[in-house]
Amino acid sequence: MTTPRRIIFFKTKMRKAKPKKRVILPDPVFNDQKVSKFVNHLMYDGKKNASYEIFYNALDTVKVKMEKEEKSPLEIWKMALDNITPQVEVKSRRIGGATFQVPTEIRADRKESISMKNMISYARKRGGKTMADKLAAEIMDAYNNQGGAYKRKEDMHRMAEANRAFAHFRF
């Protein structure tokens with residue numbers, strides 16, 4: 001007489017340790033890490049000085065055009081980033097042959113990254129003379145809760161709200 005065999009399931013673990021987060025040095029003018037991250041997203045082909053120049057010129061343009069605001073250009077830029085930062089996103093999840101758009105909350109570092117990338121991509125799509133002018137216009141629009149990046153955030157939230165019924169499929 002044989003004994004029934006038991007199948008034991010083990011959770012799989014990563015074989016290697018998680019990679020360490022890289023330390024990003026603060027920028028030279030404002031001494032702020034967030035600015036450095038933004039400039040790194042803005043950079044093409046390793047041209048960091050050109051990216052810094054574009055960013056600082058954009059902030060100068062914001063300062064000139066929004067002089068009636070009592071905030072500094074850096075504070076305006078940070079408020080603009082906060083205004084376009086999404087809180088939830090939808091992820092595709094396949095369950096039983098059907099694919100559902102499942103709304104999930106976003107980690108803090110991913111929120112920041114998404115908002116920066118959206119601001120830069122919608123600034124690049126704008127009409128204007130220089131990238132600094134386009135970026136300044138996008139910063140001002142985001143500060144005033146309008147523009148392409150803000151619309152993108154609203155669309156993400158609308159999609160998550162529409163698919164709220166599938167939130168129990170969250171992983």
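The values are calculated or read from the model by the stated rules, or taken from the named source; none is laboratory data. Only a predicted model underlies this, so the values are computations on that prediction, with no experimental measurement involved. Methodologically, a virtual Cβ is constructed for each residue, glycine included, from the backbone with ideal geometry; neighbour enumeration extends over all protein chains shown. For the accessible areas, the whole protein counts, side chains as well, though only heavy atoms, and no ligand, DNA or RNA atoms are used. Shrake-Rupley method; radii C 1.70, N 1.55, O 1.52, S 1.80 Å.
Could you give the angle, 0 to 90 degrees to the nearest 10, between helix 148-162's Cα long axis and the longest principal axis of the Cα atoms of the chain?
The helix 148-162 is inclined about 30 degrees to the chain.
Quick one: plug the Kirkwood hydrodynamic radius of the chain (C-alpha pairs) into Stokes-Einstein at 37 °C, 0.692 mPa s, and report D in µm²/s. List each step's numbers first, then the result.
Values: Rh = 18.8 Å.
After rounding, the answer is 175 µm²/s.
Mind pulling the angle between the C-alpha long axis of helix 131-143 and the longest principal axis of the chain? Nearest 10 degrees, somewhere in 0 to 90.
That works out to roughly 70 degrees.
Once you place label points 7 Å from the Cα toward the Cβ at Phe166 and Ile24, how far apart are they in nm?
Going by the 7 Å Cα→Cβ label model, 3.1 nm.
Assuming R0 = 41 Å, can you tell me the calculated FRET efficiency for the pair Lys47 and Arg158, based on Cβ-Cβ distance, to the nearest 0.05?
Details: r = 37 Å, r/R0 = 0.89.
Computed FRET efficiency for Lys47 and Arg158 comes out at 0.65.
Suppose accessible area is computed on protein heavy atoms with a 1.4 Å probe; arrange Arg93, Arg164 from highest to lowest. Numbers along the way, then the final one.
Values: Arg93 85, Arg164 150 Å².
If we order Arg93, Arg164 from most to least accessible, we get Arg164, Arg93.
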